[in-house]
Amino acid sequence: MNLRRVALSREYAALAVLVVLVLLNSLFTPHFATVSNLWNILLQLAPVLIVALGMTFVIATGGVDLSVGSVMAIGAAIAAVLMERGVVIAVGAALVGAALIGVLNGSMIASLRVQPIVVTLATLIGGRGLAQIISNNGELMTVSNAAFLEIGRGSFAAVPVPVLLALVATALAMFALRAMTIGRYVLAAGGNARAARLSGVPVRRTLVTVYAASAFLAAVAGLIMAARLGASDAAKIGQNMELDAIAAVVVGGTALSGGRATVAGTVVGALLMQVIATSLNMLLVPYAWSLAIKAVIILVAVFLQRPARA
Amino acid sequence: MKFLRHNGAFVALVVVCIVGVARYESFLTVENLSNILRQNSMLGVVALGMTFVILGGGIDLSVGALVAVAGVAAAMLAPHNALLGVLGGILVASLLGVINGLLITKARIQPFITTLAMLIAARAAALAVTHEQSVNISGDGLGWLGRGIAPVVLLLILYAGGWTVLRHTRFGRYVYAVGNDEDVARLMGLRTDRIVIGTYALSGGLAGVAGVMLAARLGAGLPVAATGWELDAIASVVVGGTLLTGGEGGVWRTLVGVLLLGVIFNLFNLDGTISPWWQWVLRGSFLLVVVVVQSHIRPATLPS
């Protein structure tokens, strides 16, 4: 019970910081507490959060997925190239193609026992090249299909579609972690892979599923970005996204060592990073300084949540 | 098999060179070979520092940003005095490396997160100090450092030094001990914190050397220089055969890894028909293949 309370209070720590920041900003940052700005924050947040949800599961297995940014670019490129065949085929192919990269990541990690950081580093490098090749060798591909653009610009019952997608993804992730077998398997595999295997957990299948899900979600984020831009830019889409996603996850309280995960924490972590970025932007703090503040916040959050020394 | 196990990357380098000699007339020329060495000298210096960190069981994602910080610092100080520029650049990067080490050992924040934050913060500092502009080095006090034979000689001297430190000093042995099992090393009475801080200081300092070399070569300190070098350095170390889990590997392997990736890149260029995008795909695939092969010829040393 005691441990549980400590874990809960840590989760609330990030939330408390978020609440304080929002309150301070509402008081001192002009135009912060306006409806349009809040929607703006949520819109900016959506792709990062969607990627960070997949990353939460990957990190819970004790791994890391550096390839998400490149996979975003691949998803956007596939969709842009196939757009003339119809939006359903284009989007479907983008999601399936990206998930296959995730399956590749997961299989190499699970079956060949290569470290996640090396495998996904290789797919980060190779994937960015692949995205450029798919885009007719590095072209900026504009997309004008109205239905596709809705993914990034449309809204449904006053809620922007990207925010809606992020909400659905969050709900699914929470459900998967708490109520589905895969959630148990992920935590078991991340806590102690050998013990999990010996007690009958299909560790390999779990890892492949998790990396495939991470890539799938990255592709969703890539499609949102492409729809918002009205173009697939294979060089730019998703660049450094892996760092933002990892930051959101660890600030939210999921341990890099694996075996623990909190989807709600990731949502809080992503929100926290976005509120900071937006408010610094509104206060006209130079970009470089807002980067530095971001770095400090990551360190402080991880420092506060570190486990006690054994 | 045992020979392959320890020299896989070297065999691959020889094979790739034979392919180069057979297919491209211009491969085996003094000009081309010295070009390969010069172009890879700065990455090689960064990868040398990364080798120490990885041998000690850590990882340093901040090296690319530290290269930029050192280059900017050197460019800003060089007008006063060329030597001051060189030393200042190296010192600043070393200090940031020490901060990495302190955060990892004293604040117990994982190396991955610490150096990720340092990557962001150091890049931010470089951008803020320069107002996102490159800093030109007036005069030519530093130029020699980046041109001609100097970068190659410096590279070889630093690797010889790195090898001596690893093989013939107490610090070197302790790095292996900490990388193998930090708890055991601590129980044996080693001051593991100091050793870990030492590896990050070394990595920072060598990134600083590379930053000064790069600034000298370009004639300017660029706040956006060396973006992504951390990934290239890690790839070189891993391809060379140093295990990411720490405790096994060495500096010459890293040099072989750097040269292997460099020669492959050179062959792509000599060929001229392979688009840069395909080069990325091939680099990624190559990294995967090498690591998979390594994990299969030495299964005993990988965690199950």
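Coordinate-derived values only; no laboratory data. What you see is a predicted model; the values in this text were computed from it and never measured. Cβ coordinates were reconstructed from backbone atoms using ideal geometry, including for glycine residues, and neighbour counts include every protein chain displayed.
If you bin all the Cα-Cα distances of the stretch B:187-298 at 5 Å, starting from zero, the percentages per bin are 2, 9, 14, 19, 17, 17, 12, 5, 2, 1, 1, 0.
Across peptide B:279-292, the average count of Cβ atoms from other chains found within 10 Å of a residue's Cβ is 6.
Computed over the protein assembly as shown, the per-residue total of -39500 (n - 2.57) for DSSP H runs of n ≥ 4 gives a 222 nm mean residue ellipticity of -25500 deg cm²/dmol, rounded to 500.
Normalised by 2.2 N^0.38 Å, where N is the number of residues, the alpha-carbon radius of gyration of the stretch A:108-221 equals 1.38.
Remark: the stretch A:1-152 is approximated by an ellipsoid whose semi-axes, taken from the C-alpha gyration tensor as √(5λ), come to 34, 26, 12 Å, largest first.
Using a Gaussian network model of chain A with C-alpha springs under 10 Å, which one of A:L53, A:L167, A:L272 is most mobile by mean-square fluctuation? Judging by the Gaussian network model, the answer is A:L167. Over all orientations, the stretch A:190-310 has a Cα convex hull whose mean projected area works out to 10.0 square nanometres.
Given R₀ = 22 Å, FRET efficiency for A:T34-A:N240 by Cβ-Cβ distance, to 0.05? About 0.15, to the nearest 0.05.
Residues A:V103, A:V263 in ascending order of nearby Cβ atoms (within 10 Å, fewest first): A:V103, A:V263.
Alpha-carbon geometry of chain B: the Rg and the Dmax are 19.1, 58 Å, given in that order. For the pair the stretch A:280-294 and the stretch B:224-284, the centres of their Cα atoms are 34 angstrom apart. Just to be sure I understand: with springs between alpha-carbon atoms less than 10 Å apart, which residue in A:M225, A:M141, A:M55 has the highest mean-square fluctuation in the Gaussian network model of chain A? With Cα springs under 10 Å in chain A, the top fluctuation among A:M225, A:M141, A:M55 is at A:M141. Length gained on full extension, B:T227 to B:L95, computed as 0.36 nm times the residue gap minus the Cα-Cα distance: 45.5 nm.
Fewest Cβ neighbours within 10 Å first, please rank A:V64, A:V19, A:V203 accordingly.
A:V19, A:V203, A:V64
Extension gain for the segment A:N136 to A:M282, taken as residue separation times 0.36 nm less the Cα-Cα distance, is 48.7 nm to one decimal.
With charges set only on the Cβ (+1 for Lys and Arg, -1 for Asp and Glu), what does the dipole of the stretch A:35-305 come to about its Cα centre, in debye to the nearest 20?
760 debye
Backbone N atoms of the stretch B:230-266 closer than 20 Å to the 7 Å Cα→Cβ label point of B:R23 belong to residues B:257-266. Loop-located trypsin sites (Lys or Arg not before Pro) across the stretch A:248-310 with a Cβ neighbour count of 15 or fewer within 10 Å are A:R309, with loop assigned by DSSP.
With the simple model of a label 7 Å out from the Cα in the direction of the Cβ, B:T169 to B:L33 spans 3.1 nm.
A cut-off of 5 Å between modelled amide H atoms, ignoring neighbours fewer than 5 places along the same chain, links A:M141 with A:S232, A:A234. Exposure proxy ranking for B:W229, B:W144, based on other Cβ atoms within 10 angstrom of each Cβ and starting from the fewest, stands as B:W144, B:W229. Using a Debye calculation, one point per C-alpha and no hydration shell, please list log10 I(q)/I(0) for the stretch A:35-305 at q = 0.09, 0.17 Å⁻¹ in order. One equal scatterer on each Cα of the stretch A:35-305 leads to -0.39, -1.34. Cα centroids of the stretch B:127-154 and the stretch B:56-114: how far apart, whole angstrom? Taking the Cα centre of each part, the stretch B:127-154 and the stretch B:56-114 sit 17 Å apart. Beyond 26 Å, the tail of the calculated P(r) for the stretch B:61-215 holds 33 percent of the Cα pairs. Placing +1 on each Lys and Arg Cβ and -1 on each Asp and Glu Cβ, with no other charges, gives the stretch B:39-299 a dipole about its Cα centre of roughly 460 debye.
Once you order the gyration tensor axes a ≥ b ≥ c over the Cα atoms, which shape class does the protein assembly as shown get: rounded for a/c under 1.5, otherwise prolate or oblate by comparing a/b with b/c? Display every interim value, and only then the final one.
On the way: a/c = 1.35, a/b = 1.32, b/c = 1.02.
Rounded, since a/c falls under 1.5.
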